[in-house]
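Beneath this line is the structure, given in structure tokens, with notes to follow.
No value in this document is a laboratory result; all are computed from the given coordinates. The structure presented is a predicted model; accordingly, all values stated were derived computationally and were not measured. Glycine gets a Cβ as well: all are built from the backbone with ideal geometry, and neighbour counts include every protein chain shown.
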Amino acid sequence: MFPIRSRQRRYRWPLITGGLIVCNLLVFCWELSQGDALPQTISTLGLRPAFFASYWWVPSPAVWLPLVSSMFLHAGWLHLLGNMLFLWVFGGNVEDRLGHARFFVLYFLAGCIAAFTQVFVSMDSLAPLIGASGAIAGVLGGYLFLFPRAKVLTLIVVIVFPVLLELPAILVLLMWFATQFVSGVASLETGEALYGGVAYWGHIGGFIGGALLTFMLDTHTTTRNF
């Protein structure tokens, strides 16, 4: 299931959403330029749960910088483009509703909540966490809170045939959340911190955190699209 476009109307250019996409693309191009030094770069700028859990109380850039830098690193083109697709489809409408500044706050706080959640679940893991998906999960949670009845043009592959359908946002996003939750539970049962290499609990924490943050940041709660 791939979202293509939200049918919710936008009234202004999504400055922060567009800026974040450009920044992620530029950082990925920089990653490609690292060559053999890339693994060390990922280890330094990615968030290592065991290291952060051991030294979170130390006010050092080596401890806290990866909390933000990890949000701009990606493991490959598919990882990057998948995240940017979700950010573009859902981020613009959330930014339009909250405004540029509050959307900026939502994005980064949700990313931090996602990181804290995954660190809590995988405190013994030394594998660096990278990717914008935790922050973007927060945007999805915010979108579900603000526009549950909006329509999302979605690409669904039936056997081998692609089909475009307009589906309610509440259906698309709750199905997405359900897959994250099931996979997250599976990661606990198997003892794998990153189940299939994916930080599912970070997605879960970011989604829930994003919905709660949007509730606090939205100044038009009485006119939400219910």
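Here are some notes:
- Against the criterion of being surrounded by fewer than 19 Cβ atoms within 10 Å (Cβ to Cβ), among the aromatic types (Phe, Trp, Tyr) and within 16 Å of the chain's Cα centre (by Cα), residue 86 does not qualify.
- Of all residues assigned to segment 179-188, none qualifies as being surrounded by fewer than 19 Cβ atoms within 10 Å (Cβ to Cβ), assigned to a helix (DSSP H, G or I), in contact (Cβ under 8 Å) with a residue 60 or more places away in the chain and among the β-branched types (Val, Ile, Thr).
- Selection count where residues are touching a helix residue (DSSP H, G or I) at 6+ places or on another chain (Cβ under 7 Å) and without any contact (Cβ under 8 Å) to a residue 24 or more places away in the chain, scope segment 16-40: 2
- Residue match in segment 41-56 (condition: loosely packed, with under 12 Cβ neighbours inside 10 Å and without any contact (Cβ under 8 Å) to a residue 60 or more places away in the chain): no
- Qualifying residue in segment 157-177 (condition: over 11 Å from the mean Cα position of the chain (by Cα), surrounded by 13 or more Cβ atoms within 10 Å (Cβ to Cβ) and part of a loop (DSSP other than H, G, I, E, B)): no
- From the options 98, 26, residue that is crowded, with 19+ Cβ neighbours inside 10 Å, more than 16 Å from the chain's Cα centre (by Cα) and of a type in the set (A, V, I, L, M, F, W, C): 98
- Selection from segment 128-166 of residues that are in contact (Cβ under 8 Å) with a residue 12 or more places away in the chain, over 16 Å from residue 201 (Cα atoms) and β-branched (Val, Ile, Thr): 152, 154, 156
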